1. Students often check this: by mean Cβ neighbours within 10 Å, which of 119-127, 34-42, 57-65 ranks highest, and how do the rest follow?
2. Pull out the extension gain between residue 223 and residue 136, defined as 0.36 nm times the separation in residues minus the alpha carbon to alpha carbon distance; nm, one decimal.
3. If I model a spin label as a point 7 Å beyond the Cα along the Cα-Cβ vector, how far apart are those points for residue 206 and residue 25 in nm?
4. Could you give the alpha-carbon Rg of the stretch 1-104 over 2.2 N^0.38 Å, rounded to two decimals?
5. Given all pairs of different Cα atoms, what value in angstroms does the Kirkwood hydrodynamic radius of the stretch 56-128 take?
6. Less than 13 Å from a label point 7 Å out along the Cα-to-Cβ axis of residue 39: which backbone N atoms in the stretch 105-130 qualify, by residue?
7. Once you wrap a convex hull around the alpha carbon atoms of the chain, what is its projected area averaged over all directions, in nm²?
8. Test of understanding: what is the full-extension gain from residue 64 to residue 120, defined as 0.36 nm times their sequence separation minus their Cα-Cα distance?
Amino acid sequence: MKKVDVIEFFERTGYDWKKDLNKLSTICHFTKTRDNPNKNEGEMSFGAEQCFFIKAVANSIGATNFFEIGTGRGTACYAVALEESIEEVVTVDIISHFQKKNEAIGYRAAVVSNHDLYEMIPFEEKEKIKFKHTSEVPFFIDEMEGEFDLAFIDGNHTDKLIIENDFNICNKLVRDGGVILFDDYHPEKFAVKEVADKVLKENPDFKSELVCFHGHLFDEERKVENYGILVVTK
């Protein structure tokens, strides 16, 4: 399997991450920080590179739509929605869009729902996003089969059966030639690698590439070279 760092990927695909810095740092302010009094508002932290990379993938394939399992606070879907070619984003999560949770905004504790965060995001591109609950997937999976250009698996990272099911859903929704991303492809910490490796073994025509990004743009002292997001092209 080929392994590259995120800066190499940007150079190869012609993506200028600095042009997106202001908008993506705003998105990270609302959706990517944890309560930390030692961090300053607006400071980009270890792992924030993820949203730049996913947007770069969408840009590189000219994706018109994006499907995500595991909304979290919406970092990836807000980032991808900024891409001009993107017309629709569908993201699903096991937690209700309206359930308030203990989160952080700008490294300061906050109790908010994803709906609250949606109202705070200042970019009109967010209107491209459709937030759905996991229970809704069976009702649209057949209807939208083969319609997506890009999918991101970012739900449960430890349960092999759940990860396999998430892949099966994405594999059905993504067109031939489309791309599926596995988050947290890690040699030891998660079950994602085992599942993804099995997928690649069972589908020898799939192409794959591991892109390492943690610490490559921000917090470079902690730069990681052995895990990241696995890019699988059908």
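Each value in this text was obtained by applying a stated rule to the coordinates, not by laboratory testing. In this text, all values refer to a predicted model and were calculated from it rather than measured experimentally. When we count neighbours, we look across all protein chains shown, and the Cβ atoms used for this are built from the backbone with ideal geometry, even at glycine.
1. Going by the mean number of other Cβ atoms within 10 Å, highest first, we get 57-65, 119-127, 34-42.
2. Separation in residues times 0.36 nm, less the Cα-Cα distance, equals 27.5 nm.
3. Calculated label separation equals 3.7 nm.
4. On the way: Rg = 14.5 Å, N = 104, 2.2 N^0.38 = 12.8 Å.
Expressed relative to 2.2 N^0.38 Å, the Cα Rg reads 1.13.
5. Details: mean 1/r = 0.0769 Å⁻¹.
It works out to 13.0 Å.
6. Answer for the stretch 105-130: 105-110.
7. Orientation-averaged projected area of the Cα hull: 12.0 nm².
8. Contour length minus the Cα-Cα distance gives 17.7 nm.
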